1. Working only within the stretch 26-37, note down all residues that are open to solvent by less than 40 Å² (accessible area, probe 1.4 Å) and closer than 20 Å to Leu95 by Cα.
2. Restricting to the stretch 56-113, name every residue that is open to solvent by 30 Å² or more (accessible area, probe 1.4 Å), of a type in the set (D, E, K, R) and in a strand (DSSP E or B).
Amino acid sequence: ALTSVISHDESCCWIAATESCASIDAMDSLVELVGCPNVAVSFDFRCGEFLTQGPTYDEWCEGVREADIKKAVILDVAAVGTGHGPVTIPLCLRLSGDLSGLKIFSGGGIRHLDDVEQLLRAGCDAALMATALYPASAKK
């Protein structure tokens, strides 16, 4: 069923999430299936703790390097929708140092443009924003 929706168009991006992939082999299988330019790895955290089904943060970094993946998402799931500000800044700084040349997207807790600018200064290429875009009445 998956093969019927697979696109090799680079505007389509498939995400291998560390919190749900049983192994780095799952990421490698996705790369083989859809092509490397179409894959990003989501480095998932909860309250700053790395979420994984087994492989460590360093093993994921090595897998991303070996697969030549060029896109990553950094997300602290505890911050999503909170409006408490971008708690992923230290994680973005770390990942941009560990994997140079990686295009990094991050979000969770973003309130306004200043938060986006902080993420960009921390090495992100783009910010993920959702809840902050809803009208105030929709957040209640």
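The values are calculated or read from the model by the stated rules, or taken from the named source; none is laboratory data. In this text, all values refer to a predicted model and were calculated from it rather than measured experimentally. Each accessible area value is taken on the protein alone, full model and side chains, heavy atoms only, with ligands, DNA and RNA left out. Shrake-Rupley method; radii C 1.70, N 1.55, O 1.52, S 1.80 Å.
1. Met27, Cys36
2. Lys71, Lys103, listed by residue number.
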